[in-house]
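The values are calculated or read from the model by the stated rules, or taken from the named source; none is laboratory data. Here the structure is a predicted model, which means the values were calculated and not measured. Reconstructed Cβ throughout: ideal geometry from the backbone, glycine too, with neighbour counts over all protein chains shown. Accessible surface areas use protein heavy atoms only, side chains included; no ligands, DNA or RNA. Shrake-Rupley method; radii C 1.70, N 1.55, O 1.52, S 1.80 Å.
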Amino acid sequence: MKNIVILGAGYGGLTTLKGLNGVVKNGQAKVTIVNKNSYHYDTVNLHEVSAGNIKRDEICLEIKDIVEPGVNFVQDEVIKIDTEKKVVYTKKHELDYDLLVVGLGFETQTFGIEGMLDNALPITDIVAAEKISEKIESNFKKYAESTEKDVKDISIVVGGTGLAGIEFLAELIDRRRELCKKYGIDEKLVKIYGLDAAPVLLPMFEKSYSDYARKYLEDNGIEIILGAGIKGATNDRFIVEIDGERKELLASTLVWTAGVKGSRLMDATFPELAKNGRLVTTQQLTVPGLEEIYIVGDCAAFIEEGQERPYPTTAQIANQMGAYVSKHITNRLNGNTTPNFKYINRGVVCSLGHKNAIADAMGLKYKGFFAAKTKKLIEAKAINECTNLKTAIRNQRII
């Protein structure tokens, strides 16, 4: 009986686990999944929690309710992987493995920008998302109750206008309306900015669609500033450079969405192969020279044969990686071979709140309410891929 250990209960880890249920049931392998928290959260919905428009319970699944009988769940933090001894060390356990799947997720990447790590809030996990939501409301309340009104308290600056940044900015439209009504604040006084060093917005969409997203945000009082290189952050401002001129944007809430990297444990474990927490895998998603170790999700930099750059890390590719790895392991245990991993890009959707979105999916381009519902359908599909249909139906937010 082989001993299989999966590190991380994100999309890649859970999808791998789901695909291995068969080898657990027939006694071919013992499977252990390790996760720091007792729950899995839908990363693609963190922007909604960050804005305060939904609660954590709406996107969190308890792992004990997901794992099948026979699977060992260890709630603990991984601190070291010894590839020579084939042992994973957590804070409380030592876990031997024959086959290891690493899907430890992502961390924030600040690119060395001075003060960013200490002063801006990243959207990295459910706890960080709740912290942002709490700070926004706390600052609005402070403004309402203060005799000396400081517009900084009702100002929000978001560094980064990629998918996460744009989706978060769009969520702030509804949240601003709610908080202003709750605390008796004139909405026109609230300042919300989205900054990015890039010269174009959402380059993964054709220009008419990215223009649609920008117009929607700007029509709702969000100011988008492109070509703005962020040079530093303090507790109440971003220091930016625009056309060679330095400016300061003041706000009591600073949010950083412009960079992520894989787990720091990757660099420590594979110092010659990993960079910024990501490792360029083989075509079968294994570590070069260590074929018993698979890498999935945000820790994997998969470069398909004939290409030069790795695919972006998304829930879509993480789920496909997990499904592939579970199939590869199953075939391996049965003495069968598996073709190389092939990523199927089914497109991208960017939500603009609950009732609007832009979509380039399954060969079609569309926007508006139907695109917003498509986003929720994709999210439900992702849950089904890493858990089961019953869980997906119970937790869907399409209706």
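Say whether the condition of being more than 18 Å from the chain's Cα centre (by Cα), of a type in the set (Gly, Ala, Ser), under 29 Å from residue 37 (Cβ atoms) and open to solvent by 60 Å² or more (accessible area, probe 1.4 Å) is met by at least one residue in the range 119-139.
yes
Scan the range 58-72 and report the pairs whose first residue is under 13 Å from residue 394 (Cα atoms) and whose second residue is part of a helix (DSSP H, G or I), with Cβ atoms within less than 6 Å and a gap of 6+ or a chain change.
Taking only residues 6 or more apart or on different chains, the pairs are 59/45.
Please name all residue pairs, on different chains or six or more residues apart, with Cβ atoms under 9 Å, provided the first residue is in the range 295-324 and is more than 26 Å from residue 33 (Cα to Cα) and the second residue is of a type in the set (A, V, I, L, M, F, W, C) and in a loop (DSSP other than H, G, I, E, B).
304/341; 309/303; 310/302; 310/303
Do any strands (runs of 3 or more DSSP E) lying entirely in the range 312-377 carry at least 3 residues that are more than 20 Å from the chain's Cα centre (by Cα), and which ones are they?
Values: elements: 347-351, 357-361, 364-367.
Of the strands (runs of 3 or more DSSP E) lying wholly inside the range 312-377, those with at least 3 residues that are more than 20 Å from the chain's Cα centre (by Cα) span 364-367.
Checking the conditions here, which among 84, 171, 167, 137 is free of Cβ contacts under 8 Å to residues at least 24 places away in the same chain, out of contact with any Lys or Arg (no Cβ under 8 Å at 6 or more places or on another chain) and of a type outside the set (Gly, Ala, Ser)?
Just a single option satisfies the conditions, and that option is 84.
Which residues, taken from the range 282-302, are open to solvent by 40 Å² or more (accessible area, probe 1.4 Å), part of a loop (DSSP other than H, G, I, E, B) and out of contact with any helix residue (DSSP H, G or I) (no Cβ under 9 Å at 6 or more places or on another chain)?
Once the filter is applied, which keeps residues that are open to solvent by 40 Å² or more (accessible area, probe 1.4 Å), part of a loop (DSSP other than H, G, I, E, B) and out of contact with any helix residue (DSSP H, G or I) (no Cβ under 9 Å at 6 or more places or on another chain), the range 282-302 yields 288, 289.
Restricting to the range 37-82, name every residue that is open to solvent by 30 Å² or more (accessible area, probe 1.4 Å) and either of a type in the set (Ser, Thr, Tyr) or on the phi > 0 side of the Ramachandran plot (or both).
38, 41, 43, 70
Residue 213 fails exactly one of the following numbered conditions: (1) outside any strand (DSSP E or B); (2) without any contact (Cβ under 8 Å) to a residue 60 or more places away in the chain; (3) not hydroxyl-bearing (Ser, Thr, Tyr). What is the number of that condition?
So residue 213 meets the others, but not (2).
Taking the range 140-196 on its own, how many of its residues are under 17 Å from residue 250 (Cα atoms), of a type in the set (A, V, I, L, M, F, W, C) and open to solvent by 50 Å² or more (accessible area, probe 1.4 Å)?
2
For residue 111, which of the numbered conditions (1) crowded, with 16+ Cβ neighbours inside 10 Å; (2) part of a loop (DSSP other than H, G, I, E, B); (3) of a type in the set (A, V, I, L, M, F, W, C) fails to hold?
(1)
Of the conditions (1) under 18 Å from residue 295 (Cβ atoms); (2) more than 25 Å from the chain's Cα centre (by Cα), residue 94 satisfies every one except a single condition; which number is it?
Status for residue 94: all satisfied but (1).
Looking at (1) free of Cβ contacts under 8 Å to residues at least 24 places away in the same chain; (2) open to solvent by 40 Å² or more (accessible area, probe 1.4 Å); (3) part of a strand (DSSP E or B), can you tell me which one residue 261 breaks?
(1)
Return yes or no: is residue 85 surrounded by fewer than 22 Cβ atoms within 10 Å (Cβ to Cβ), in a loop (DSSP other than H, G, I, E, B) and on the phi < 0 side of the Ramachandran plot? Before the answer, list the steps.
Numbers: surrounded by fewer than 22 Cβ atoms within 10 Å (Cβ to Cβ): yes; in a loop (DSSP other than H, G, I, E, B): yes; on the phi < 0 side of the Ramachandran plot: yes.
Yes: the conditions hold for residue 85.
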